[in-house]
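These notes concern the structure reproduced below.
Nothing in this text is a laboratory measurement; each read-out follows from the coordinates by a stated rule. In this text, all values refer to a predicted model and were calculated from it rather than measured experimentally. Note that we place each Cβ from the backbone using ideal geometry, even for glycine, and neighbour counts take in every protein chain shown.
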2 protein chains.
Amino acid sequence: MRPLDALVNALPEGRVLTDPDVIDSYARDRTFLEPGKPLAAVLATSRDDVVTTLKWATEHRVPVVPRGGGTGLAGAATAGDGAVILSLARMTAIRELSPADEIAVVEPGVITADLDRAAREHGLMYAPDPSSYEISTIGGNLATNAGGLRCVKYGVTRDSALGLEVVLADGRILQTGRRTMKGVTGYDLTGLFVGSEGTLGVITAATVRLRRAPAAPPATFAAEFGSLREAGAAVSAIMAAGCQPSLMELLDRATLEAIDDWRNIGLEPGTMAMLIGQSDASDGEAVVKRMEQLCVDNGSPFVAVSSSPQETEELIGLRRMAYDAKERLGACLVEDVCVPRSVLPDMIMAIEAAAVRHGVKIATVAHAGDGNLHPVFIFEHGTAEPPPEVWAAADDVFTHALQLGGTLTGEHGVGLLKRRWLALETGPVAQEMQQGIKAVFDPLGLLNPGKAI
Amino acid sequence: MRPLDALVNALPEGRVLTDPDVIDSYARDRTFLEPGKPLAAVLATSRDDVVTTLKWATEHRVPVVPRGGGTGLAGAATAGDGAVILSLARMTAIRELSPADEIAVVEPGVITADLDRAAREHGLMYAPDPSSYEISTIGGNLATNAGGLRCVKYGVTRDSALGLEVVLADGRILQTGRRTMKGVTGYDLTGLFVGSEGTLGVITAATVRLRRAPAAPPATFAAEFGSLREAGAAVSAIMAAGCQPSLMELLDRATLEAIDDWRNIGLEPGTMAMLIGQSDASDGEAVVKRMEQLCVDNGSPFVAVSSSPQETEELIGLRRMAYDAKERLGACLVEDVCVPRSVLPDMIMAIEAAAVRHGVKIATVAHAGDGNLHPVFIFEHGTAEPPPEVWAAADDVFTHALQLGGTLTGEHGVGLLKRRWLALETGPVAQEMQQGIKAVFDPLGLLNPGKAI
């Protein structure tokens, strides 16, 4: 019997897909990366399916690539030759939702926004909201330690993860963490798994923290600026004033042009940047007034403050359409550097300099309150790989981010795309320790080989 | 040359103490645990001293017990026979404090409250505030992932740790984490070190997150209750109403009696519990009014709302004197269970039942907003170990906490004291993985052997 037949026989009917064309759609994430030729895709519907698959993989030494919604931007879910893809997207149960304890226990295939909506029925929310939250899964969010727009106030996915149920490569079950708000029993294995991109084990359930949802919709403004430096100064002033925005997004001229080109938003010639901010505090309107004033103080000629939910939707919609607007212009390499907040304008200017130096189109949006920038490198559709000048410009950007005390990736992860710069940031001792940890959990190196570390 | 002479020679003059009586005072924490006979105590003043000590320890296979302020409550800094104590208390530099980026880079010997005061000069604060924060060190807080009173709103020490400089057992330097608010490059080694009780490496610097300090002093109330269940219901109601208290402490009758016995606070016969709460929000007085009403709604016959900083000091002072008041009554075993918030009253009643069943005096204070309880078992001074009935009662308490979905330790750590219950909570697979991680960082098992895991 071929090894794959043993897997098909061990799992319930219909779990294993082997048609190469069908498998190919499970072998990709949202990057341009071309996958290899995986052996099969398993659509797990239960922890037992995961255990069966991993025991089989260990027995036959087959690499396993776990995946959620496939919305990743770093290639962490890209599957190579001979691998078995393990999709968790069908494990969609919200096992428990406790309003009194403000926690939920969810399976990895739950769509992020669905958990948020379920929580809101009880006056709660699930705070992490990556841009893809209508199509991303909690499992994928945990694997990449996803950020999002609200994390400037509420933290990233790791800050909402209390405990995990994990299947190890050999099929054993590991429970990490707890159901309580605090706990220090042993090493923090929960935090270790969050962001490990499926290289240490497969998460089959997570206990996550919910938070009280604000009583009213957030108050919102959008401010135009004649220079990036002024916009950056406004961000610094807003954060320093203790405004605690629940969203603080910066769009550069190239991004605004891409949006204007598509939807005709009446972009003024002198507008070089736009800042969109929200406060979900109980006195949110007053806070937005203060933020508006700080934008004016820092040179903004025009600030729009929303006076209705529809207007708010329009302002936030500008931010939401940024990526799609850029995809109209070409293939996209979406990057994700994060720098200390005070050097945000320096980083944006370094990105612009890299674009000019290498003759590359780069359009940047930033989670400005966190110093997290997404420069999007736009190149011609139809090329399998970004052309050399794009990589050269990206190299400039990464190097500059590290020089400014920043990091290669704020929230997207390392995946395959950032491995070649990894050593620059982590250094040899940390790399050796990370490889050592990997070997503890996955001694045969079967789980998502070549990713994350 | 004896091994110890080699260490004395390798370090600058005066770093190594060898007088047994002097060493003994460095071999203890704040528990009743009797240390062994350590070989020496090194008072490190620089990273180089730490490197020299650990290289020597590796060469000569000598166990090393790192320590900060010695305020631990679990025995993590208790030193055994033949060990070298490595005190970081003299590494007290705040290397950097950046108001713009809201971060500080500090050495491990910095006193927690000193960092907070330095931050407040810039309108910022260092949020974690364990009760011992006037005498505890940042290094000790990191080693135990210390909590505190404010963590109900601002999170525990791990939530403020961005990056670490660590000396490994073999003397190599490991840099973890970052200076940015977000980052997902590789596994979360920072989070792994926080709470590892010095068993993986010795922290010689930490990059920590600061936060905007509230503009005004917090608004404060204290409510009396005729039953613990009513007090627990008030806590649930306050949290469910989204009040976001910055402090929410519960004192039981036994604690109030101990305080009354000492300071004569006019305790009424029917008062079975007291709840002390604060809000540091910009509309804090309005929030405290809502919390007051929720206490009344849940049966409180009397709520005092502070009208001056002096009154606030008095109310908070009641909580602060709880531990000293108990120490007057006897030797103390301070425990630290944490349960889901909704079962806080059940846990308190289980503690009271254990006290009656085993004829033991237990007085409990709780960080009620977090479900984190400190039952203090009081027994006769002069016994080296708590008597068997105290351990039997503690065993009841731990078992009950785990049955309620809780954890053995919310913020004090495992140290030596909680090792015998550890397997009940973590299970064999997690224990095996933790031992594996330990072996990656400290293959000879020299760092704080027998602690934490």
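Observations on the model:
- Centre-to-centre, using Cα atoms only, region A:134-184 and region B:165-242 are separated by 17 Å.
- Between region A:1-79 and region B:385-451, the Cα center-to-center distance that results, in Å: 38
- Computed label-point distance, nm, for sites A:Val356 and B:Arg90 using a 7 Å Cα→Cβ extension: 5.4
- Using a Förster distance of 35 Å, the FRET efficiency for A:Asp283-A:His381 (Cβ separation, nearest 0.05): 0.15
- Gained length - B:Gln403 relative to B:Met349, 0.36 nm times residue gap less alpha-carbon distance: 18.1 nm
- Shape of region B:330-437, Cα gyration tensor, a/c cut at 1.5: oblate
- Reciprocal of mean inverse Cα separation for region B:94-212 (Kirkwood radius, Å): 14.0
- Zero-based 10 Å bins, Cα pair distances in region A:217-325, whole percents: 16, 50, 30, 3
- For residues of A:411-419, the mean tally of beta carbons on other chains within 10 Å: 1
- Note on chain B: with charges restricted to the Cβ of Lys and Arg (+1) and Asp and Glu (-1), its dipole about the Cα centre is near 1080 debye.
- Distance distribution note for region B:3-87: the fraction of Cα pairs above 16 angstrom is 46%.
- Of the chymotrypsin sites (Phe, Trp or Tyr not before Pro) found in region B:24-109, none is in coil by DSSP with at most 11 other Cβ atoms within 10 Å of its Cβ.
- Label geometry 7 Å along the beta-carbon vector: B:Ala216 inter-copy distances in nm: 1.9
- Nearest-first distances (nm) between copies at A:Ala423, label 7 Å from Cα via Cβ: 4.4
- Among A:315-326, A:356-367, the order from most to least packed when residues are scored by Cβ within 10 Å on average: A:356-367, A:315-326
- Equivalent ellipsoid semi-axes - Cα gyration tensor, region B:163-233, angstrom: 39, 19, 12
- Note that the protein assembly as shown shows a convex hull volume over its alpha carbon atoms of 166 Å³ per residue.
- Relative to the other identical copies, B:Glu13 shows label-point distances of 8.7 nm, where the label point lies 7 Å from Cα along the Cβ direction and values run shortest first.
- In chain A, taking the dipole from charged Cβ atoms about the Cα centre, the farthest positive-side position among A:Thr190, A:Gly405, A:Thr157 is held by A:Thr190.
- Each other residue within a Cβ distance under 13 Å of B:Asp395 adds +1 if Lys or Arg and -1 if Asp or Glu, for a net charge of 0.
- Here the contact order of chain A, divided by its residue count and restricted to Cα pairs under 8 Å and six or more residues apart, works out to 16 percent.
- For B:430-438, mean number of other protein chain Cβ atoms within 10 Å: 6
- With a Förster radius of 25 Å applied to the C-beta separation of A:Ala304 and A:Trp262, the computed FRET efficiency comes to 0.80.
- Magnitude of the charge dipole, region A:351-453, Cβ model with Lys/Arg +1 and Asp/Glu -1, debye to 20: 160
- Averaged over B:153-160, number of beta-carbon atoms from partner chains that fall within 10 Å: 2
- Other residues with beta-carbon under 10 Å from the beta-carbon of B:Arg15 carry, at +1 per Lys or Arg and -1 per Asp or Glu, a net charge of -1.
- Kirkwood Rh in Å, taken over chain B so that all alpha-carbon pairs contribute: 22.8
- When chain B is turned onto chain A, its residue with the beta carbon nearest the axis, and that distance in whole angstrom, is B:Gly191, 2.
- Cβ-based net charge around B:Ala223, under 10 Å, with every Lys or Arg adding one and every Asp or Glu removing one: -3
- In sequence order, calculated HN-Hα J values of region A:115-125 (Karplus, 6.51, -1.76, 1.60; Hz; x Gly/Pro): 5, 4, 5, 4, 5, 5, 4, 10, x, 10, 9
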